[in-house]
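The block underneath contains the structure these notes are about, expressed in structure tokens.
The values are calculated or read from the model by the stated rules, or taken from the named source; none is laboratory data. Quick caveat: nothing in here was measured; it's all calculated off a predicted structure. Every residue, glycine among them, receives a Cβ derived from its backbone with ideal geometry; neighbour counts consider all protein chains shown. Just the protein is used for accessible areas: all its heavy atoms, side chains included, with ligands, DNA and RNA removed. Shrake-Rupley method; radii C 1.70, N 1.55, O 1.52, S 1.80 Å.
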Amino acid sequence: MQAVLSKLGIEKENSGAFCGEWFGGGEVLESISPVDGSVLGTVRQATEDDYDRVVSAAHAAFLKWRTVPAPVRGETVRQLGNALREVKAELGALVSMEMGKIRAEGEGEVQEMIDICDFATGLSRQLYGLTMHSERPLHRMYEQWQPLGVVGIVSAFNFPVAVWSWNCALAAVCGDSSLWKPSSKTPLTAVACTKIAERVCRDTGVDPAIFSLVIGRGSTVGEKLINDRRIPLVSATGSCRMGYRIGEVVGKRLGRTILELGGNNAIIVTPEADLELAMRATVFGAVGTAGQRCTSTRRIIVHDSVRDAFVEKVIAAYGHVTIGNPLEDGTLMGPLIDTGAVDDMFAAVKRIKDEGGEILYGAQKLEGDAYPGGCYVTPCIAAARNEYNIVQEETFAPILYIMSYSDFEEAVAMQNGVPQGLSSAIFTRNLLEAERFLSAAGSDCGIANVNIGTSGAEIGGAFGGEKETGGGRESGSDAWKAYMRRQTNTINYSTELPLAQGIKFGG
């Protein structure tokens with residue numbers, strides 16, 4: 001692991017603020033690996049004064065960066081993607097060690113970063129506006145999109161590098177600089193990514209402050225960021241509770257937000273489903289990343305006629321899930337992020353039982369020499385009802401709720417009957433059921449899939465959800481528009497001054 005850290009520029013103690021130079025005068029933060037409880041390194045966090053220094057530099061960098069032609073900005077992002085290709089294995093390993101996801105998922109997360117850089121590079125030549133016909137003679141109307149400013153990026157521990165890239169790559173080609181506040185649970189991956197971006201910027205002659213960083217407490221630098229009028233857009237990924245706070249504070253100053261918050265994602269399994277396919281999607285969605293994805297499968301809504309057969313398949317598959325060191329070949333589920341997450345999981349298990357649910361599988365803490373650090377558990381399958389209070393909440397752990405339905409409309413109502421609205425799926429070979437699920441009267445989520453699971457979205461589509469998930473969209477499609485300001489332009493090339501709506505003013 002020391003060779004990995006060295007290649008990524010991670011030292012024993014690292015600075016937590018960057019805006020073209022590295023510094024930090026705050027408390028020391030330890031990065032503790034959930035894999036074995038070891039300290040990977042430390043970070044000297046940013047103080048409030050450090051924050052002000054960083055945001056001032058990021059704003060100054062924006063003022064220059066916004067005048068660079070978009071395709072030239074795209075070239076810097078292309079080079080960032082190439083630099084990530086060179087360290088995919090190492091950065092993926094660091095993600096695994098610092099966050100706990102298995103190696104395949106760690107490297108997959110880095111691949112997402114590479115893919116979004118490719119996407120953004122192409123986008124740099126496609127920041128299209130529209131032209132429209134003016135009602136006034138000898139006038140031309142059109143709209144254009146202009147750079148917005150410094151984009152604040154608040155990311156969560158579960159995708160410690162990909163979410164940054166979704167935002168900063170698009171922001172960069174749009175002419176914005178970015179200021180990243182990562183999770184304090186995964187600071188070293190943020191330092192590593194910023195050092196990669198710094199190197200690319202220096203090689204391409206760009207001010208590295210377009211990719212700025214502050215690592216610090218949410219109660220200090222986090223609060224300063226969301227209250228800062230120099231930051232017109234805050235893109236935040238995290239809990240619904242965090243989203244309520246950010247939405248309130250940023251909205252009060254009439255700033256913009258992209259909020260990607262909690263999920264409570266369900267798969268509907270109909271009588272005409274391919275049960276083997278549905279089982280495989282369920283296991284990956286519920287167990288992958290130890291249930292710590294916002295798109296993790298939390299609920300299975302299965303028809304009465306196939307419930308027993310399907311649950312039997314899922315339980316059998318869970319019995320073959322190998323749990324352990326995420327860097328070892330063959331491991332399918334690593335640890336939870338920390339012992340606090342383990343406590344939250346077992347508090348949820350108790351509530352399931354208290355509300356009348358039944359544990360069908362798992363829900364055990366794994367201990368001993370094979371499971372150092374105290375963060376390993378067996379995934380849980382529980383029979384429950386959709387109206388249970390615990391089911392209505394998102395527990396960031398591998399807990400899967402099984403519930404039954406008899407009528408298709410009932411299944412859709414159950415799927416929609418939670419406060420969150422991120423991802424959803426249906427498994428069916430019935431075209432009518434699939435189309436009803438995707439209709440206006442079907443799933444109310446931002447993502448709705450047929451015959452694939454709730455987890456594993458591609459970067460080409462806009463990512464995000466509705467209701468308490470926040471309504472924001474990141475990554476593909478036209479999500480780039482959130483990072484720019486729209487401007488409508490009218491040009492009069494006549495010698496007259498006709499007014500719109502036929503208004504006559506004066507003589």
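Just a few scattered comments:
Yes or no, residue by residue, for (1) among the β-branched types (V, I, T); (2) surrounded by fewer than 24 Cβ atoms within 10 Å (Cβ to Cβ); (3) part of a loop (DSSP other than H, G, I, E, B); (4) without any contact (Cβ under 8 Å) to a residue 12 or more places away in the chain:
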site: L188; (1), (2), (3), (4): no, no, no, no
site: V191; (1), (2), (3), (4): yes, no, no, no
site: I196; (1), (2), (3), (4): yes, yes, no, no
site: R199; (1), (2), (3), (4): no, yes, no, no
site: R202; (1), (2), (3), (4): no, yes, no, yes
site: V206; (1), (2), (3), (4): yes, yes, yes, no
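- Any hit, segment 159-166, residues being in contact (Cβ under 8 Å) with a residue 60 or more places away in the chain, outside any loop (DSSP other than H, G, I, E, B) and hydrophobic (A, V, I, L, M, F, W, C): yes
- Residues that are open to solvent by less than 30 Å² (accessible area, probe 1.4 Å) and touching a Lys or Arg at 6+ places or on another chain (Cβ under 9 Å), drawn from segment 221-234: V221, G222, L225, I226, D228, L233, V234
- Looking only at segment 403-417, and only at residues there that are in contact (Cβ under 8 Å) with a residue 60 or more places away in the chain and more than 26 Å from the chain's Cα centre (by Cα), the one that is farthest from A363 (Cα to Cα): F408
- Scan of segment 1-15 for residues that are more than 19 Å from P335 (Cα to Cα) and open to solvent by 70 Å² or more (accessible area, probe 1.4 Å), ordered by number: Q2, A3, S6, K7, E11, K12, E13
- When M113 is tested against (1) open to solvent by 40 Å² or more (accessible area, probe 1.4 Å); (2) out of contact with any Gly (no Cβ under 7 Å at 6 or more places or on another chain); (3) within 26 Å of A89 (Cβ to Cβ), just one condition goes unmet, and that condition is (1).
- The residue of segment 167-186 that is nearest to V43 (Cα to Cα), among those that are part of a loop (DSSP other than H, G, I, E, B) and over 18 Å from the mean Cα position of the chain (by Cα), is D176.
- Positions within segment 239-257 being open to solvent by 10 Å² or more (accessible area, probe 1.4 Å), within 16 Å of the chain's Cα centre (by Cα) and within 13 Å of G471 (Cα to Cα), in sequence order: C240, T257
- Scope segment 395-407; condition among the aromatic types (F, W, Y) and open to solvent by 20 Å² or more (accessible area, probe 1.4 Å); matching residues: F396
- Note on segment 23-55: residues that are closer than 22 Å to P232 by Cβ and either in contact with a Leu (Cβ under 9 Å, 6 or more places away or on another chain) or without any contact (Cβ under 8 Å) to a residue 24 or more places away in the chain (or both) total 4.
- Test: residue in segment 72-83 that is in contact with a strand residue (DSSP E or B) (Cβ under 7 Å, 6 or more places away or on another chain), among the hydrophobic types (A, V, I, L, M, F, W, C) and either outside any strand (DSSP E or B) or touching a residue at least 40 places away in the same chain (Cβ under 8 Å) (or both): no
Matching residues to (1) touching a residue at least 60 places away in the same chain (Cβ under 8 Å); (2) not charged (D, E, K, R):
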| residue | (1), (2) |
| --- | --- |
| L91 | yes, yes |
| M97 | yes, yes |
| I102 | yes, yes |
| I114 | no, yes |
| G122 | no, yes |
| Y128 | no, yes |
| T131 | no, yes |
| G149 | yes, yes |
| K185 | yes, no |
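- One residue stands out among those in segment 365-392 that are more than 17 Å from V302 (Cβ to Cβ) and assigned to a helix (DSSP H, G or I): the one that is least open to solvent (accessible area, probe 1.4 Å), which is I390.
- Subset tally (residues that are surrounded by 15 or more Cβ atoms within 10 Å (Cβ to Cβ) and farther than 27 Å from R280 by Cα) for segment 339-352: 2
- Flag if H320 is over 28 Å from S38 (Cβ atoms) and in contact (Cβ under 8 Å) with a residue 12 or more places away in the chain: no
- For segment 16-65, the set of residues classified as among the β-branched types (V, I, T) and crowded, with 23+ Cβ neighbours inside 10 Å consists of V35, V43, V54, V55, listed by residue number.
- Among residues of segment 469-497, those that are on the phi < 0 side of the Ramachandran plot and open to solvent by less than 40 Å² (accessible area, probe 1.4 Å), counted: 11
- Among the residues of segment 304-322, the one identified as in contact with a Phe, Trp or Tyr (Cβ under 6 Å, 6 or more places away or on another chain) and surrounded by 18 or more Cβ atoms within 10 Å (Cβ to Cβ) is Y318.
- Answer from A89, A120, A93, A70 - the residue that is among the small types (G, A, S) and open to solvent by 30 Å² or more (accessible area, probe 1.4 Å): A89
- Among the candidates E466, E435, residue that is under 16 Å from the mean Cα position of the chain (by Cα) and open to solvent by 30 Å² or more (accessible area, probe 1.4 Å): E466
- Within segment 354-364, being loosely packed, with under 15 Cβ neighbours inside 10 Å and within 31 Å of the chain's Cα centre (by Cα) holds for one residue alone: Q364.
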